[in-house]
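The values are calculated or read from the model by the stated rules, or taken from the named source; none is laboratory data. On a predicted model such as this, the values are computed, not experimentally measured, just so you know. Cβ atoms come from the backbone with ideal geometry, glycine included; neighbour counts cover every protein chain shown. For accessibility, only protein heavy atoms count, side chains too; no ligands or nucleic acids. Shrake-Rupley method; radii C 1.70, N 1.55, O 1.52, S 1.80 Å.
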Amino acid sequence: MYRCIATSVEGFVQQTIAYVSSGYLFYVSGTLPVGKIPEAIDRKLIERYGIAISKWARARRKRAGLGNVHYLRHGRFFVLLGTDGAHPFKEGEGKMLRDVRRNPLHFAGYSVSFRGGHTSVRIALQEYRCLKAYLLDLAAKRSIEALARE
């Protein structure tokens, strides 16, 4: 059974980092439609792209110059991550396909990218701006100690 459900935001981000660090640099992300059964969509995507294969089968595909794909979901948010090489995922997702080296993956206030040969996790720009504005507002109203605790 292919395990694709992250039970926490931290777990989702951690697993995404592991995949990106392993060369899964191409992705498609989105939110499952309300009213659809998430488990049914999980099965459909796993079957469509042949994701539930062993690590040995992935290694054989990689040696043959073919791509591999992983699927991960937290709540209604999902991401399909793929490696370089031919794979039905690339044809099936076409224009929706993003490269994490150029377009960071955003999820729950985090931004995951690949820079300088390493996976990078940062606070997403919008989240950073909100946090900065909040702290600047507090700075005018609170003591240094209260601000430090915040």
Exercise. Hey, what number do you get for the chain at 222 nm if only DSSP H runs of n ≥ 4 count, each worth -39500 (n - 2.57), divided across all residues, to the nearest 500?
Worked result: -11500 deg cm²/dmol
Exercise. Can you flag which of K36/K62; K36/K132; K62/K95 are past 29 Å Cα-Cα?
Worked result: K36/K62; K36/K132
For this session: Once you've got the GNM for the chain with C-alpha springs shorter than 10 Å, pick whichever of Y27, Y71, Y128 has the biggest mean-square fluctuation.
Result: Y128
For this session: Based on a Kirkwood Rh over C-alpha pairs, give the Stokes-Einstein translational diffusion coefficient of segment 1-67 at 25 °C and viscosity 0.890 mPa s in µm²/s.
Result: 178 µm²/s
Exercise. Over the chain, what is the mean sequence separation of C-alpha contacts under 8 Å (at least six apart), divided by residue count, expressed as relative contact order in percent?
Worked result: 26 percent
Exercise. Can you list residues whose amide H is under 5 Å from F107's amide H, if they're 5+ apart or on another chain and H is modeled 1.01 Å from N?
Worked result: V112
Seminar exercise, completed: For the pair R3 and L32, the simple spin-label estimate (label points 7 Å beyond Cα toward Cβ) gives in nm 1.8 nm
Exercise. Could you give the angle, 0 to 90 degrees to the nearest 10, between helix 125-139's Cα long axis and the longest principal axis of the Cα atoms of the chain?
Worked result: 20 degrees
Exercise. Rolling a 1.4 angstrom probe over the protein heavy atoms, how many square angstrom per residue are accessible across the chain?
Worked result: 64 Å²
For this session: Please build a GNM for the chain, connecting alpha carbons under 10 Å apart, and tell me which residue among L105, L131, L32 fluctuates the most.
Result: L131
Exercise. Trypsin sites (Lys or Arg not before Pro), restricted to segment 1-98: which are DSSP loop and have at most 16 other Cβ atoms within 10 Å?
Worked result: R3, K36, R76
Seminar exercise, completed: Counting only protein heavy atoms with a 1.4 Å probe and every protein chain in place, the carbon and sulfur fraction of the accessible surface of segment 1-111 in whole percent equals 55 percent
Exercise. Roughly speaking, what is the centre-to-centre gap between segment 50-89 and segment 106-150 when only Cα atoms are used, to the nearest Å?
Worked result: 32 Å
Exercise. Stretch R48-E91 to full length: gain in nm at 0.36 nm per residue minus the Cα-Cα span?
Worked result: 14.3 nm
Exercise. So how tilted is helix 9-21 from the main axis of the chain? Cα-based, degrees 0 to 90, rounded to 10.
Worked result: 50 degrees
